[in-house]
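What follows is calculated from the coordinates using simple rules that are stated; it is not laboratory data. Just so it is clear, the structure is predicted and the values come from calculations on it, not from any experiment. Neighbour counts run over all protein chains shown; Cβ positions are idealised from the backbone, glycine included.
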């Protein structure tokens with residue numbers, strides 16, 4: 001017996017496999033993301049009946065942020081292949097899963113897999129990224145280098161040789177800046193092996209202009225303190241820290257430790273700018289946010305940052321919406337869920353309304369990104385605020401009231417001339 | 001109806017999946033390796049009846065030296081998993097296949113997967129390597145550095161960003177030498193992007209002692225000619241080239257091009273040493289070699305190096321022998337072919353008789369390697385010969401009659417003092 005459906009609602013059972021880590025230390029664990037996917041499912045059932053014929057059954061598998069992602073996909077798929085894969089986020093988990101899924105003609109949508117390599121859609125043909133990749137973030141830097149006429153960058157990244165988030169983050173910056181005729185040096189810090197010698201780092205950056213860092217908060221503070229001791233925070237260098245997923249805790253003063261260096265650190269951080277994701281909110285987002293937080297509470301998940309709905313939670317919600325848009329078009333077009341390539345194509349090069357605002361996917365299947373540059377706006381209290389926003393879709397900047405052009409203008413350096421004995425002796 | 005078998009012969013059907021490239025431009029294509037595996041099968045059937053109960057059925061799948069390796073394993077395995085995998089050789093093909101197979105408890109034996117990463121058997125738990133890895137090769141260098149008291153290495157490698165053989169080769173050297181308190185610099189040549197500027201390279205190696213190179217023959221020649229022009233071939237530098245799989249064609253004078261630089265090149269190559277695999281032969285090998293070559297001829301395969309049975313062909317032959325030894329022990333022990341972990345363990349930490357001589361697998365499942373250092377022994381004709389051999393199993397050297405200690409002793413360098421104007425003017 002068929003249940004009654006609206007006459008014009010096309011029906012399809014869609015088997016969704018979500019591959020994310022079980023471990024709640026990740027911002028994008030199964031328990032963190034599941035409420036958002038539930039929310040999206042309910043929404044699709046309720047809005048105007050168009051999607052009410054789509055019956056999603058969602059299964060979760062533990063990626064363990066590594067090889068298990070592929071194993072669980074393959075072990076499940078021998079019986080029956082899923083119609084859609086959401087995740088993985090971790091780069092090394094995502095790579096083989098996306099390759100395998102592309103081979104099997106299954107669409108993959110992730111709010112992760114942010115590394116530059118995933119832009120190569122000849123290999124990762126069925127991957128759509130609903131969070132802005134590191135390359136998109138890096139455009140913020142190339143736009144600033146252009147606008148402020150900087151010529152010279154020094155990249156400092158902490159490489160944990162495990163997830164390598166900072167390595168991948170600055171890999172994006174490196175590959176964008178190198179096409180812009182910027183001179184680039186880079187330093188890789190293996191913080192696990194060695195004590196970081198910030199004074200040694202100062203010697204290396206001496207000839208550079210713009211220092212771009214991605215590292216743990218303690219390393220950043222060490223480096224900024226060393227720069228302050230050597231008076232490199234006087235305006236002849238511009239410092240950046242990239243902190244995409246944790247900006248609120250960072251912005252609220254990671255110079256502060258309650259130790260004797262706090263005063264120096266606050267002064268040093270006056271020249272440190274932070275690049276972070278631009279977050280927007282619209283009324284509906286509040287409801288989403290509240291429901292997700294309630295679910296997390298019920299599930300007993302407590303994180304210091306759980307008052308923020310992060311880009312991963314938001315992204316996987318939007319992923320299901322985007323898929324629904326695409327599959328419906330494909331079905332209206334006479335095809336069905338097995339046509340992974342066509343479904344994928346219909347998700348690319350389009351803008352749709354996500355939970356927090358419009359989401360634009362470029363022609364290569366990657367989301368355009370909007371980013372904020374934060375800076376210290378009150379030198380007494382040491383608090384941070386956004387000073388400019390960068391909008392990826394049209395490459396434009398928005399200067400906010402607290403923006404100060406001086407801050408981004410390199411001060412002329414005093415050139416200490418090298419001693420020249422041959423002249424001296426004849427003079 | 002059971003066929004009669006010897007009373008003591010244990011029987012088992014063993015499904016072997018060989019994953020290698022179809023393309024005959026690889027030294028280890030399916031067509032090149034298949035005759036060796038056939039030979040091993042016949043041999044196992046004939047020798048003393050012990051293995052005659054093992055019925056191997058061998059299937060070949062195209063790795064295409066890339067992702068297809070994993071796809072073909074997975075697509076086949078949904079119906080029935082193989083009992084043994086031979087290959088892949090290419091690093092990027094091997095990595096996901098070995099991970100997947102280890103997850104499924106299937107032994108993998110390869111004459112490739114030579115990169116250092118595969119030594120990490122916590123991840124690649126079911127991998128046994130029957131050809132010496134790049135790390136084993138690198139021990140030849142650490143032993144030489146120790147014996148000749150060198151302190152300082154400069155590594156030059158050509159990175160094609162595709163198979164990356166030279167990158168992986170020198171990665172092995174780098175990771176061994178860095179544990180030996182050797183100062184190491186490295187230069188990566190992207191020959192596809194840029195014209196190689198050998199004169200620029202000379203400036204970089206100026207402060208080094210031992211130059212270790214892995215690159216195409218033309219690049220090596222360019223570098224050696226540039227070194228010769230700058231008189232760096234006078235004995236104050238020691239040059240090495242690593243050429244593991246193609247030594248005979250190299251040894252017969254790759255300085256020669258029939259151009260106007262031949263004379264200079266011959267002089268320059270007088271200081272270039274080549275590290276290559278030590279090849280031994282025993283009478284049985286001649287028969288093997290002949291049969292394999294006949295098969296290749298019948299199959300219409302013609303390669304300029306097809307007069308040599310390479311380490312891959314030899315290795316995959318030995319792989320089947322090693323597996324037979326191990327599975328028989330496991331069966332005698334009351335277990336069977338599904339116990340991949342035990343079979344793998346029994347292949348490790350043992351020496352057996354391979355087609356070309358004894359093969360020793362270390363406790364980590366990797367073959368010990370023997371290597372030769374070749375040098376020009378006749379400066380008139382410019383011909384090469386082995387001057388010393390290195391035996392990995394006990395870390396010993398064998399000095400051959402043409403060995404000359406002077407050749408490996410760094411000559412004291414003339415220190416050209418920097419001009420010092422302050423002294424000059426007061427003198």
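Figures for the structure shown
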| quantity | calculated |
| --- | --- |
| Fewest-first ranking of A:184, B:223, using other Cβ atoms within 10 Å as the exposure measure | A:184, B:223 |
| Nitroxide proxy distance, nm - points 7 Å out along Cα→Cβ at residue A:364 and residue A:352 | 2.2 |
| Beta bridge orientation in the protein assembly as shown: antiparallel %, DSSP, nearest 5 | 35 |
| Efficiency of FRET from Cβ geometry, residue B:294 and residue B:76, R₀ 41 Å, rounded to 0.05 | 0.85 |
| Between 0 and 90°, nearest 10: helix A:311-332 axis offset from chain A longest Cα axis | 40 |
| Cα gyration tensor of the range B:143-300 - equivalent ellipsoid semi-axes, whole Å, descending | 30, 20, 17 |
| Residue order, fewest to most surrounding Cβ atoms within 10 angstrom, among B:240, A:28 | B:240, A:28 |
| Separation of alpha-carbon centers, the range B:84-101 and the range B:193-220, rounded to whole Å | 33 |
| 0 to 90° range, to nearest 10: angle between helix B:217-229 axis and chain B longest Cα axis | 20 |
| Computed label-point distance, nm, for sites residue B:62 and residue B:183 using a 7 Å Cα→Cβ extension | 5.1 |
| FRET E, pair residue A:397, residue A:286, Förster distance 25 Å, beta-carbon r, rounded to 0.05 | 0.35 |
| For the protein assembly as shown, projected area of the alpha-carbon convex hull averaged over all directions, nm² | 48.4 |
| Ranked A:61, B:139, criterion: other C-beta atoms within 10 Å, fewest first | B:139, A:61 |
| Pairwise FRET efficiency - residue A:412 versus residue A:195, Cβ, R0 = 41 Å, nearest 0.05 | 0.70 |
| Averaged over A:90-102, number of beta-carbon atoms from partner chains that fall within 10 Å | 2 |
| Rel. contact order, % - alpha carbon contacts under 8 angstrom, at least six apart, chain A | 17 |
| Radius, Kirkwood style, for chain B when every pair of distinct Cα atoms is counted (Å) | 23.2 |
| Acute angle (nearest 10 degrees) that the helix B:134-148 long axis makes with the longest principal axis of chain B, alpha-carbon atoms | 40 |
| Within chain A, percent of DSSP bridges classed antiparallel, to nearest 5 | 35 |
